[in-house]
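The values are calculated or read from the model by the stated rules, or taken from the named source; none is laboratory data. Note that this is a predicted model, so its numbers are computed, not measured. Note that we place each Cβ from the backbone using ideal geometry, even for glycine, and neighbour counts take in every protein chain shown. Accessible surface areas use protein heavy atoms only, side chains included; no ligands, DNA or RNA. Shrake-Rupley method; radii C 1.70, N 1.55, O 1.52, S 1.80 Å.
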Amino acid sequence: MMLKTVDFYYFSPTGGTKNVGESLAASLAESAILHDLSDKKTVISSPTNDLSVIALPVFGGRIPAFAAKRLRLINGEGKKSVTIVVYGNRAYEDALLELNNIAKESKFGIIASGAFVAQHSMCPEIAAGRPDNKDFKEIKNFGEEILKKLAYPPEGKAKIVEVPGNYPYKADFTVPATPISTDSCTLCRKCIAACPTGAISILENNIATDIAKCALCMACVKACPSGARILPPPMSEKIRQMLSKFKGIRRENETYI
Ligand SMILES: Cc1cc2nc3c(=O)[nH]c(=O)nc-3n(C[C@H](O)[C@H](O)[C@H](O)COP(=O)(O)O)c2cc1C
């Protein structure tokens, strides 16, 4: 039976993670309370419902450090969670294990986990159009399996959700670059509002980006209404070349329950 409400925690700089997570939440409950981990203005509150969906994107085979930090502030004691990572068709490596370890530190029980594919936010021709109809069908099926597990809780070892990944994790994801603003920038400040880490400001009538704060999450690029915010073209080209081999293949979603 569908639940009444779930708490939905997410970080989704370009919308793919939110799309997958919202669709899963909709297959579990009639409504969801949204907690945007990138919202600088509000304190992230702990869940009030029995089940939370926690969805984060994969950055360099890890979860974004910024989102991990905010997730640690939530108290999930006595609550259950479904954890998912969303990645751009290359690999999710240690991200799901890292997310689950943080959820456990925050005292959540984990009843199911998954890794889902969405369009690559740095290279939109990779996994273009995903999640697609097949993905949404799989997300719905996953939701039905979770509801069954909630109705008939297993005992013993079957209760434990194991996910792939290594510890120690891959090295922290850092790239010594930031998006740039081109001459068509109108100083509308939408990039400043969108940046979850407060890395963007206006200095002497130009957009300035603090490299130490920038997570390269692409939220500013997505938010720019005039297409003036871009990755530096040499970087964009290098990423396109590195990822070109993932263009012709379709990674499938994976679920653990
Ligand atoms: C900085 C950065 C690093 C990324 N690293 C990976 C990666 O290691 N593996 C992968 O398959 N996709 C990677 N991606 C793609 C994202 O995980 C994917 O596009 C995800 O859907 C982005 O979530 P969003 O649409 O909610 O912003 C990366 C994207 C960015 C911006």
The residue from PHE66, PHE8 that alone is within 14 Å of the ligand (Cβ to nearest atom) and open to solvent by 30 Å² or more (accessible area, probe 1.4 Å) is PHE66
Over the stretch 10-29, the set of residues part of a loop (DSSP other than H, G, I, E, B) and of a type outside the set (Val, Ile, Thr) is PHE11, SER12, PRO13, GLY15
So ASN49, is it polar (S, T, N, Q), away from the ligand (no atom under 16 Å from the Cβ) and open to solvent by 40 Å² or more (accessible area, probe 1.4 Å):
no
With respect to TYR87, determine if the residue is of a type in the set (Ser, Thr, Tyr), out of contact with any helix residue (DSSP H, G or I) (no Cβ under 8 Å at 6 or more places or on another chain) and in contact (Cβ under 8 Å) with a residue 12 or more places away in the chain.
no
Subset tally (residues that are within 16 Å of the ligand (Cβ to nearest atom) and either outside any loop (DSSP other than H, G, I, E, B) or open to solvent by 80 Å² or more (accessible area, probe 1.4 Å) (or both)) for the stretch 139-169:
2
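Return a yes/no flag: does the stretch 109-130 have any residue that is touching a residue at least 24 places away in the same chain (Cβ under 8 Å), among the hydroxyl-bearing types (Ser, Thr, Tyr) and open to solvent by 10 Å² or more (accessible area, probe 1.4 Å). Step through it out loud before you land on a result.
Within the stretch 109-130, the subset touching a residue at least 24 places away in the same chain (Cβ under 8 Å) is 109-123, 125-127, 130.
Retained after the next criterion (residues that are among the hydroxyl-bearing types (Ser, Thr, Tyr)): 113, 121.
With the extra rule that they be open to solvent by 10 Å² or more (accessible area, probe 1.4 Å), the set shrinks to 121.
Within the stretch 109-130 (the criterion being touching a residue at least 24 places away in the same chain (Cβ under 8 Å), among the hydroxyl-bearing types (Ser, Thr, Tyr) and open to solvent by 10 Å² or more (accessible area, probe 1.4 Å)), the answer is yes, since at least one residue qualifies.
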Output for Cβ contacts, cut-off 9 Å, separation at least six or different chains, first residue free of Cβ contacts under 8 Å to residues at least 60 places away in the same chain in the stretch 240-256, second open to solvent by less than 60 Å² (accessible area, probe 1.4 Å) and β-branched (Val, Ile, Thr), reads SER244/ILE126
Within the stretch 69-99, track down each residue that is within 12 Å of the ligand (Cβ to nearest atom) and of a type in the set (Gly, Ala, Ser).
GLY88, ALA91, ALA95
Turns out the strands (runs of 3 or more DSSP E) fully within the stretch 170-257 with at least 1 residues that are loosely packed, with under 14 Cβ neighbours inside 10 Å and not assigned by TED's automatic domain parsing to the domain that holds TYR92 are 200-203, 206-209
VAL82 fails exactly one of (1) open to solvent by 50 Å² or more (accessible area, probe 1.4 Å); (2) assigned to a strand (DSSP E or B); (3) not polar (S, T, N, Q), namely (1)
All but one of (1) touching a Leu at 6+ places or on another chain (Cβ under 9 Å); (2) in a helix (DSSP H, G or I) hold for SER46; which doesn't?
(2)
Mind listing whichever residues of the stretch 19-33 are open to solvent by 60 Å² or more (accessible area, probe 1.4 Å) and either over 14 Å from ASP135 (Cα atoms) or over 14 Å from the mean Cα position of the chain (by Cα) (or both)?
ALA26, GLU30, ILE33
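Within the stretch 100-107, does at least one residue satisfy the condition of being basic (Lys, Arg) and within 16 Å of the ligand (Cβ to nearest atom)?
So far as the stretch 100-107 goes, no, none of its residues is basic (Lys, Arg) and within 16 Å of the ligand (Cβ to nearest atom).
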Check the stretch 30-38 and report whether any residue there is part of a strand (DSSP E or B), within 16 Å of the ligand (Cβ to nearest atom), polar (S, T, N, Q) and in contact with a strand residue (DSSP E or B) (Cβ under 8 Å, 6 or more places away or on another chain).
no
